[in-house]
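The structure appears below as structure tokens.
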Amino acid sequence: MRRVRERVGVRVVGLVFGCALSAVGVAAQRPIPGAAAEAKVSVTIALQIGSDAYKVTGQGTCHHAAQASIYDVPAEQWSVQQSDGSRSLALTMWRLKNPAGEMLSLSVTTGAKSHNVNTVKAGRSGPTSGTGTVTLAAAEQGGTFTIDATTADRTHITGTIMCAAFTAPRPVAGD
């Protein structure tokens, strides 16, 4: 009986300790009070999604990380995020260092419809969804992405996304 109590006691201590660690982890993910807000830059989006146009001139976030990785594969990374009400766009372009190559993750929501393309094939990445290419023409501090993609349900997405400038992404845990 005593051994049973000891085992139960160890499990309870382990459970309490595990919950404490979880609480610390959650607290570590919270924004730091007084930390600077995400830098917004001028973004111009001109996409054709099937028969619908997605056009925006406004503010968004544009990031560039010269030293990044995806699924433990070294890469350079660019990203764009923009939203206004029920419409939003998220693009991430990866340029692998070895083997060389460019991949994209694109998500566009236009009201009730979402369109997604993911060509990321590196390390332990899951299956791709849709097909597509993305190129970047750099200009001063920013650049223009040109997209030609098709979703898994065969919706064609073409056009450009222009960022006036790229900023460094916020650090994440472990960086």
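The values are calculated or read from the model by the stated rules, or taken from the named source; none is laboratory data. The structure presented is a predicted model; accordingly, all values stated were derived computationally and were not measured. Cβ sites come from the backbone with ideal geometry, for glycine too, and all protein chains shown count toward neighbours.
Residue-level analysis places A35 among those that are closer than 30 Å to E140 by Cβ and at pLDDT below 50. Six or more apart or on different chains, Cβ atoms under 7 Å: show the pairs whose first residue is in region 74-101 and among the hydroxyl-bearing types (S, T, Y) and whose second is loosely packed, with under 13 Cβ neighbours inside 10 Å and not in a strand (DSSP E or B). Once the first residue is among the hydroxyl-bearing types (S, T, Y) and sits in region 74-101, its partners that are loosely packed, with under 13 Cβ neighbours inside 10 Å and not in a strand (DSSP E or B) give S86/G111. Only one entry in V80, V73, V117 is modelled with pLDDT under 95 and crowded, with 16+ Cβ neighbours inside 10 Å, namely V73.
Looking only at residues that are in contact with a Leu (Cβ under 7 Å, 6 or more places away or on another chain) and of a type outside the set (A, V, I, L, M) in region 117-135, which one is nearest to L47 (Cα to Cα)? Per the stated criteria, the residue is G132.
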